[in-house]
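The values are calculated or read from the model by the stated rules, or taken from the named source; none is laboratory data. Not measured: the values here are computed from a predicted model. For neighbour counting, all protein chains shown are included, and Cβ atoms are generated from backbone atoms with ideal geometry for every residue, glycine included. Heavy atoms of the whole protein, side chains included, go into the accessibility calculation; ligands, DNA and RNA do not. Shrake-Rupley method; radii C 1.70, N 1.55, O 1.52, S 1.80 Å.
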Number of protein chains: 2
Amino acid sequence: MKRSERLVAMTNYLINHPQQLVSLPYFSTTYAAAKSSVSEDLSIINDMFQQEGIGYLQSVSGAAGGVRYIPIYSKENSASFIDELCDKLADSDRLLPGGYLFMSDILGEPAAVNKIGRLFATAFHDREIDVVVTVATKGIPIAYATANYLNVPVVIVRRDPKVTEGSTVSVNYVSGSSRKIQTMVLSKRSIPDQANVCIVDDFMKAGGTINGMKSLLQEFNANVTAIGVLAEAEDEEEDRVVEDYTSLIKIQNVDVRNKQIDVQKGNYFS
Amino acid sequence: MKRSERLVAMTNYLINHPQQLVSLPYFSTTYAAAKSSVSEDLSIINDMFQQEGIGYLQSVSGAAGGVRYIPIYSKENSASFIDELCDKLADSDRLLPGGYLFMSDILGEPAAVNKIGRLFATAFHDREIDVVVTVATKGIPIAYATANYLNVPVVIVRRDPKVTEGSTVSVNYVSGSSRKIQTMVLSKRSIPDQANVCIVDDFMKAGGTINGMKSLLQEFNANVTAIGVLAEAEDEEEDRVVEDYTSLIKIQNVDVRNKQIDVQKGNYFS
């Protein structure tokens, strides 16, 4: 196989296997090339990935070594994407009762969701994460996009148990916004004991939902090593109950009566 | 920029923009190369994509022309992935009350979900599709993966209205399996009038849920042009109410008492 062909095939392979260790012999066997040629190919790919701001190839030396694509998104790519998103969200027609924001259209675009996942994976790429956890429904696509770039599975907390889950563990928690007691359930066989968990959600006000997930995860002896929310909004009536989270967008000065809203980049950028 | 570098950058770009028309001038401007060089690059990429069984580049001629990556998955890639999935699912420990199958672990793996999406996008690549619709919760990741490869948005039908959806349209339907009357709601601003819709879900028995989605979509004057289910299972007590669907996996001869199950490739492969 020619170098030009190998570069196309190897680029495709690496992009589709983020955070996965690939041995050099795998490439040289698959594409019938000398190890030295494969090394040169990888060096070209590494340079271009960095130039494009989509990450880099990490070399792991030793007998069990190889190369791993770390899909971190450059500061420039990240900021320009979030600036664009803030512009779209700053439309006062999006304001809903209770100070919520209509975001379903944007969360319905796979390309936007993938970029959100890339950003969280970038923010958390050096933390210990075995699984990404979210709660149904809106956080699900973001959780999958994040988990894809981190190369870990997703586990979904539900608000109602279903027969297709098998036996479950449940907790009750107080929702920060509605102040109602709500229930969350998680399938017993979903998370191994003492897993390192990244919690992801689309929206956070006081943080009651995320706190509920933390309580539920305690039942599995999990360590929450990262918390990511797409948008955080102020809750005038209640203090935030969650600390140490990463937000991509911050919604401030919501004035439902006068249809005013202020959408800024979140704490990830500060 | 050298050809080798361009090939890496263009391969990355095309893989991340499936079903999207890219003009040749875009590539020659972005990578500062002559149009003839870009054409040669695209020909190399096209050959390799076909050789790898991950699709091809479609040329669109004319002033508004360019090239479009059609990410269809080869028969060999598709069959080997589904064979593997059938093996995993044929474990009798997965049997749940009511003849359901525990699939949450597999549906929690982003790589597996992406491949399922690739298969649906392959099955439906020549149909008119403006939007992929699914119902919360388990169908969501499959819907996003499918929509990603089709380059269309996702719309999620819910079982309960939420304030963050704005105003909604709802229908009642009879669930095939539980024979209960259930409700489905969809945000009013979610689907344009007369859209071409692809319905995707993880599991189908009698088909009551998919029929409910069809009724709800009629309220939006939508045309259902494709229906994809990951797994179909027999329902001894009720006849199927949905025809003309594509399944990737077929579950037969479920015997809960004796813990027996038969998992085969679905009708997509016949």
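So the label point sits 7 Å from Cα along the Cα-to-Cβ vector; using that for A:Thr225, what distances do you get to the other copies, in nanometres, sorted shortest first?
For A:Thr225, the other copies' label points sit at 4.4 nm, shortest first.
Estimate for me the total accessible surface buried between chains B and A (protein heavy atoms, probe 1.4 Å, no ligands or nucleic acids), in Å² to the nearest 100. Don't skip to the answer; put the middle values down first.
Details: alone 13630 and 13630 Å², together 23120 Å².
That pair hides around 4200 Å² of surface in total.
Residues of region A:46-88 losing 50 Å² or more of accessible surface, assembly versus chain alone, probe 1.4 Å, please list them.
For region A:46-88, once contacts with the other chains are taken into account, A:Met48, A:Glu52 lose 50 Å² or more.
Based on the inverse mean of 1/r over its pairs of different Cα atoms, what is the Kirkwood hydrodynamic radius of region B:3-70, in Å? Intermediate results must be reported in sequence, preceding the final value.
On the way: mean 1/r = 0.0845 Å⁻¹.
Result for region B:3-70 stands at 11.8 Å.
Let's test the formula: R0 of 30 Å, r as the Cβ-Cβ distance of B:Gln260 and A:Lys35. What FRET efficiency results, to the nearest 0.05? Write out the running numbers ahead of the final one.
Details: r = 49 Å, r/R0 = 1.63.
With a Förster radius of 30 Å, E is 0.05.
How long is the gain from B:His17 to B:Ser167 if the chain were fully straight, where each residue apart is worth 0.36 nm and the alpha carbon distance is subtracted? Could the numbers behind the result be given before it?
Details: separation 150, 0.36 × 150 = 54.00 nm, distance 3.26 nm.
So the extension gain works out to 50.7 nm.
With a 1.4 Å probe and every protein chain kept in, tell me what percent of the accessible surface of region A:75-269 is carbon plus sulfur. Could the numbers behind the result be given before it?
Values: 3370 of 8260 Å².
Whole-percent figure for carbon plus sulfur exposure: 41.
Enter the accessible area of B:Val155 (Å², nearest 10), with the probe set to 1.4 Å and all protein chains included.
10 Å²
Please report how far the C-alpha centroid of region B:115-133 lies from that of region A:29-77, rounded to the nearest whole angstrom.
31 Å
Please give the helix A:3-15 orientation as an angle from the longest Cα principal axis of chain A, in degrees from 0 to 90, rounded to the nearest 10.
Helix A:3-15 sits at roughly 30 degrees to that axis.
Please state the relative contact order of region B:219-270 as a whole percent: Cα pairs under 8 Å, 6+ residues apart? Provide the component values of the computation, followed by the final result.
On the way: 68 pairs, mean separation 16.5, N = 52.
Across region B:219-270, relative contact order equals 32 percent.
Show me the three semi-axes of the equivalent ellipsoid for chain B, from the C-alpha gyration tensor (sqrt of 5 times each eigenvalue), largest first, rounded to whole Å.
Numbers: eigenvalues 287, 114, 39 Å².
That gives 38, 24, 14 Å for the three semi-axes.
Count the net charge of all other residues whose Cβ sits under 9 Å from the Cβ of B:Gly53, scoring Lys and Arg as +1 and Asp and Glu as -1.
Working: positive: B:Lys75; negative: B:Glu52, B:Glu76.
After counting each charged neighbour, the total is -1.
Among A:Val229, A:Thr146, A:Gln182, whose Cα projects farthest towards the positive end of the dipole of region A:75-269, with charges put on the beta-carbon of Lys, Arg (+1) and Asp, Glu (-1)?
A:Gln182
On average, how much accessible surface per residue is there in chain A, in Å², for a 1.4 Å probe, leaving out ligands, DNA and RNA?
On the way: 11560 Å² over 270 residues.
Accessible area per residue: 43 Å².
Just tell me how shielded A:130-136 is by partners: mean number of partner chain Cβ atoms within 10 Å of each residue's Cβ, no decimals.
Working: counts 0, 1, 2, 0, 0, 0, 5.
For peptide A:130-136, the averaged partner shielding equals 1.
Just read off the accessible area of B:Leu89 with the full protein assembly in place, 1.4 Å probe, to the nearest 10 Å².
Here the residue's solvent-accessible area equals roughly 0 Å².
Past 22 Å, Cα to Cα, is the threshold; run A:Lys115/B:Lys162; B:Lys205/B:Lys265; A:Lys188/B:Lys265; A:Lys162/B:Lys162; B:Lys205/B:Lys259 against it and keep the listed order.
On the way: A:Lys115/B:Lys162 25 Å; B:Lys205/B:Lys265 16 Å; A:Lys188/B:Lys265 29 Å; A:Lys162/B:Lys162 20 Å; B:Lys205/B:Lys259 19 Å.
Listed pairs above 22 Å: A:Lys115/B:Lys162; A:Lys188/B:Lys265.
If you take the C-alpha gyration tensor of region B:1-151, multiply each eigenvalue by 5 and take the square root, what semi-axes do you get, largest first, in whole Å?
Numbers: eigenvalues 268, 52, 31 Å².
Square roots of five times the eigenvalues give 37, 16, 12 Å.
Any idea how far apart B:Tyr26 and A:Ala111 come out in nm if each label point goes 7 Å out from Cα toward Cβ?
Each label point lies 7 Å from its Cα, and together they span 0.7 nm.
Please compute, for peptide B:108-120, the average count of beta-carbon atoms on other protein chains lying within 10 Å of each residue's beta-carbon.
Numbers: counts 12, 7, 15, 8, 1, 5, 3, 1, 0, 1, 0, 0, 0.
Average per residue, whole number: 4.
Does region B:155-270 classify as rounded, prolate or oblate by the C-alpha gyration tensor (a ≥ b ≥ c root eigenvalues; a/c under 1.5 gives rounded; else a/b over b/c gives prolate, otherwise oblate)? Don't skip to the end; give the middle numbers.
Details: a/c = 2.55, a/b = 1.73, b/c = 1.47.
Here region B:155-270 falls in the prolate category.
So how tilted is helix B:139-150 from the main axis of chain B? Cα-based, degrees 0 to 90, rounded to 10.
Helix B:139-150 sits at roughly 20 degrees to that axis.
Rounded to the nearest 500, what is the 222 nm mean residue ellipticity of chain B from helices alone, with -39500 (n - 2.57) per DSSP H run of 4+ residues and division by all residues?
Numbers: 8 runs with 94 residues, N = 270.
Using -39500 (n - 2.57) per qualifying helix, the result is -10500 deg cm²/dmol.
Mind checking which of B:Lys35, B:Lys138, B:Lys250 has the largest fluctuation in a GNM of chain B, springs on alpha carbons under 10 Å?
Between B:Lys35, B:Lys138, B:Lys250, it is B:Lys35 that shows the largest mean-square fluctuation.
B:Glu219: accessible area at probe 1.4 Å, nearest 10 Å²?
Spelled out: B:Glu219, probe radius 1.4 Å, area about 120 Å².
Using Cα pairs under 8 angstrom and six or more residues apart, how large is the relative contact order of chain B, in percent? Spell out each step's value before the answer.
On the way: 494 pairs, mean separation 38.6, N = 270.
Reported relative contact order: 14 percent.
Please report, for B:Val174, the nm distances (one decimal) from its label point, 7 Å out from Cα along the beta-carbon direction, to the equivalent points in the remaining copies, shortest first.
Nearest first, the other copies' label points are 4.5 nm away.
Starting from a label point 7 Å past Cα on the Cβ side, list the distances from B:Met1 to the same position in the other copies, nm, shortest first.
Distances between equivalent label points, in nm: 2.2.
Please list B:Ile106, A:Ile261 from largest to smallest accessible area, probe radius 1.4 Å, with all protein chains kept in place.
Values: B:Ile106 10, A:Ile261 30 Å².
I get A:Ile261, B:Ile106, largest accessible area first.
Angle between the Cα long axis of helix A:75-89 and the longest principal axis of chain A, 0 to 90 degrees, nearest 10?
Roughly 30 degrees, rounded to the nearest 10.
With r defined as the distance between the Cβ atoms of B:Met1 and A:Asp91 and R0 fixed at 41 Å, what FRET efficiency is calculated, to the nearest 0.05? Walk me through the numbers on the way to the answer.
On the way: r = 39 Å, r/R0 = 0.94.
Step by step, r from the Cβ atoms, then E = 0.60.
For the protein assembly as shown, treating each Cα as an identical point scatterer without solvent, what Debye log10 I(q)/I(0) comes out at q = 0.07, 0.11, 0.13 1/Å?
After summing over all Cα pairs, the log10 values are -0.41, -1.05, -1.47.
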